[in-house]
Amino acid sequence: MRYRRPMSVAAFFDLDKTILAKSSSFVFAKPFYKEGLIGRTDVMRSAYAQFMFLTSGADHDQMESMREYMSQLVTGWEAAKVQAIVAETLDTLIDPLVYQEAIDLISFHKEQGHTVIVISTSGNEMVEPISARLGADIAIGTQIAIVDGKYTGEMIFYAYGEGKAEAMQSLAIEHGFDLDECFAYSDSYTDLPMLNAVGNPRAVNPDSDLRAVAIERNWAVLDFEKPVSMQAKVEKRQAIAASAGVAIGAVALGLTWYAKRHSIRA
């Protein structure tokens, strides 16, 4: 008989409206405007999109429209400048938006020895540092190609819908996760593929369509209420220790998809 090592368990978390009270992409509109990356019209559009996102969620057509808009918007931006803006404003913009219940859940899963993975439609430049602060082990976000230090607008990987499920399955193979034993948390009906991929789906602050599905399938429904200061609740040493794992996980996975779908250009 051959020895088979026990399968591992992971907890997959969506980011916006699941861990954060707002959209991580839209919240950076003002500093991007201040640094000259976007115009006033883009700020207004982001504010409107944020309002719609918070009040009614986003359907498939809206997500596809946002995909095209963001691809065009970031074309030509310097990647290093975007990363610097996110790093400089993370404490003031993101820190107050984290749900206490999400922090407690992440801590619970880590205490159980589970791998904590944040998987979000927002860009990697935002998802990685936020995930590191939370103490997550791996971060997966939307990836846009960078050539000569600037975004080309070509989307290498869109962390949305079936794309999230594909990422989860790839991670399961790479890390030996038993998806039937894994957990997934999300607020959106568009994340059904993500929730269907695991044996323990959880609807968090669900939109009306997802809430209906959760009730029909007898899934747990979690309603998070008040965001708190992440800095006050997450131990700094935990975030620092996890940041190396976050960066390695995100980059390794990104390069795997890059190799499959594109030739990597320096």
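The values are calculated or read from the model by the stated rules, or taken from the named source; none is laboratory data. Just so it is clear, the model here is predicted, and its values are computed rather than measured. Neighbour counts are summed over all protein chains in view; Cβ atoms, including those assigned to glycine, are modelled from backbone coordinates with ideal geometry.
Just give me the residues in segment 84-97 being under 15 Å from Lys30 (Cα atoms) and part of a helix (DSSP H, G or I), in sequence order.
Those that are under 15 Å from Lys30 (Cα atoms) and part of a helix (DSSP H, G or I): Ala84, Ile85, Val86, Ala87, Glu88, Thr89, Leu90, Asp91, Thr92, Leu93.
In segment 104-118, which residues are farther than 18 Å from Ser23 by Cβ, in contact with a strand residue (DSSP E or B) (Cβ under 6 Å, 6 or more places away or on another chain) and either modelled with pLDDT under 95 or outside any helix (DSSP H, G or I) (or both)?
Of everything in segment 104-118, those that are farther than 18 Å from Ser23 by Cβ, in contact with a strand residue (DSSP E or B) (Cβ under 6 Å, 6 or more places away or on another chain) and either modelled with pLDDT under 95 or outside any helix (DSSP H, G or I) (or both) turn out to be His114, Thr115, Val116, Ile117.
Taking the condition assigned to a strand (DSSP E or B), surrounded by 19 or more Cβ atoms within 10 Å (Cβ to Cβ) and touching a strand residue (DSSP E or B) at 6+ places or on another chain (Cβ under 7 Å), does Thr121 pass?
Yes: the conditions hold for Thr121.
Looking at Gly163, Gly153, can you tell me which residue is free of Cβ contacts under 8 Å to residues at least 60 places away in the same chain and not acidic (Asp, Glu)?
On inspection, the qualifying residue turns out to be Gly163.
Yes/no per residue for (1) touching a Pro at 6+ places or on another chain (Cβ under 6 Å); (2) of a type outside the set (A, V, I, L, M); (3) surrounded by fewer than 18 Cβ atoms within 10 Å (Cβ to Cβ):
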{"position": "Val116", "(1), (2), (3)": "no, no, no"}
{"position": "Glu125", "(1), (2), (3)": "no, yes, no"}
{"position": "Ala132", "(1), (2), (3)": "no, no, no"}
{"position": "Gly161", "(1), (2), (3)": "yes, yes, no"}
{"position": "Met168", "(1), (2), (3)": "no, no, no"}
{"position": "Ser188", "(1), (2), (3)": "no, yes, no"}
{"position": "Asn218", "(1), (2), (3)": "no, yes, yes"}
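I'd like the full set of residues that are outside any helix (DSSP H, G or I) and closer than 14 Å to Asn196 by Cα, limited to segment 162-180.
Across segment 162-180, the qualifying residue is only Asp178.
Any residue in segment 146-153 that is part of a helix (DSSP H, G or I) and either of a type outside the set (A, V, I, L, M, F, W, C) or touching a His at 6+ places or on another chain (Cβ under 8 Å) (or both)?
The answer is no; no qualifying residue exists.
Among the residues of segment 200-232, write down those that are among the charged types (D, E, K, R), assigned to a helix (DSSP H, G or I) and either in contact with a strand residue (DSSP E or B) (Cβ under 8 Å, 6 or more places away or on another chain) or modelled with pLDDT of 95 or more (or both).
Scanning segment 200-232 gives Arg211, Glu216, Arg217.
What do you reckon, is Met194 modelled with pLDDT of 90 or more, part of a helix (DSSP H, G or I), buried (at least 18 other Cβ atoms within 10 Å of the Cβ) and touching a Leu at 6+ places or on another chain (Cβ under 8 Å)?
no
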